[in-house]
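To start, the structure under review is shown below, and the notes come after it.
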Amino acid sequence: MAKRNRGRPISGWLNLDKPAGMTSTQAVGAVRRLLDAQKVGHGGTLDPLATGVLPIALGEATKTVAYVMDGEKEYEFTIRWGEERDTDDAEGAVVATSEKRPARADVEAALPAFIGDITQLPPAFSALKVAGERAYDISRRGDEVALQPRTVTVRAFTPARGALDDADHMTFHVVCGKGTYVRALARDLARALGTVGHVAALRRTRVGPFQADQAISLDRLADLVHSAPLNSVLLPVKTALDDIPALAITGGEAERLKAGQPLRVPSRKQGIVQVRSGDALIALGEVDDGLLRPLRVFNI
């Protein structure tokens, strides 16, 4: 007998405002329990120290997670000058100190070197895999992690006013692409200024189309789950695909595509498309020389 999936077959996106002190995996588990959802994932890890936007995918939305993770992100974070930590954030052990505190003018003069396509060495305490093992597991054992520098894109890096700002702290706003580590930005900026530093506070304010001012807290979700319909808190699966061009097909063509059959389409579009029939999202497909092939089919 086939194993029966537990929970309800709910599909959509939840724009969660993750609290501090909770891992992304723990946040996913909390949402799963609150909604009694069958299938849940997330669109981009946040460190336990961090708060803010954590897009949660439910059901058919899990098929679009990769498109959210590829999206642009925004953060507000505070650097604590004078202390470097092994995790590059406030949760780690102090490994270096400095009495130097950079002047604001010097900080602003240093920031342009960190904008554009830059080379960045990921933190030793990261989820990247080295020989099949997570870097943070290797680091926690006290072993040295051999990570390689990578190219990431930072579109904006500017000072911002934060509640912690004083002689030891300064807050920043960053807009960046996939794979950028804010902890590494803080570490490297401090070193470039002749001092050391780490991330004391971090909030993600945007992931692709998901904005912090529209995010819902776990406490609020718990209050709503028994008193409001799910569609009041869930966003449609297609939310993750806003940047992907749409291609319209008929109902009959939709059935054929769902069965895995390619379609000949009179379209000038090339590459990845979201395929729709009326208002319904049918599939993610790829058009090549007028032939549409299904990549991921949605059962919504």
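The values are calculated or read from the model by the stated rules, or taken from the named source; none is laboratory data. These numbers were taken from a predicted model, which means no experiment stands behind them. Reconstructed Cβ throughout: ideal geometry from the backbone, glycine too, with neighbour counts over all protein chains shown.
Assorted remarks:
- Among the residues here, L121 does not qualify as within 12 Å of the chain's Cα centre (by Cα) and not acidic (D, E).
- Cβ-Cβ under 9 Å pairs, at least 6 apart or on other chains, the range 232-253 side touching a residue at least 60 places away in the same chain (Cβ under 8 Å), far side of a type in the set (F, W, Y) and in a helix (DSSP H, G or I): A240/Y67; L241/Y67; D243/Y67; I244/Y67
- Failed criterion for G179 (all others in (1) surrounded by fewer than 19 Cβ atoms within 10 Å (Cβ to Cβ); (2) in the same structural domain as G44 (by TED's automatic domain parsing) hold): (2)
- Of the strands (runs of 3 or more DSSP E) lying entirely inside the range 74-151, those containing at least 1 residues that are in contact with a helix residue (DSSP H, G or I) (Cβ under 7 Å, 6 or more places away or on another chain) and at pLDDT 90 or above span 83-85, 116-120.
- R161, sole failed condition from (1) in contact (Cβ under 8 Å) with a residue 12 or more places away in the chain; (2) of a type in the set (K, R); (3) surrounded by fewer than 19 Cβ atoms within 10 Å (Cβ to Cβ): (1)
- Annotation: of all residues in the range 212-232 being over 19 Å from S24 (Cβ atoms) and among the hydrophobic types (A, V, I, L, M, F, W, C), the one that is modelled with the highest pLDDT is L224.
- Per-region count, the range 210-244, residues touching an Asp or Glu at 6+ places or on another chain (Cβ under 6 Å) and crowded, with 20+ Cβ neighbours inside 10 Å: 2
- Which numbered condition G41 fails, given (1) touching a residue at least 12 places away in the same chain (Cβ under 8 Å); (2) in a helix (DSSP H, G or I): (2)
- Top-ranked residue in the range 87-115 [being acidic (D, E) and more than 22 Å from the chain's Cα centre (by Cα); ranked as farthest from G21 (Cα to Cα)]: D106
- Scanning the range 156-180 for residues that are within 26 Å of P209 (Cβ to Cβ) and either of a type in the set (V, I, T) or outside any strand (DSSP E or B) (or both) yields T158, G162, T171, V174, V175, G177, K178, G179, T180.
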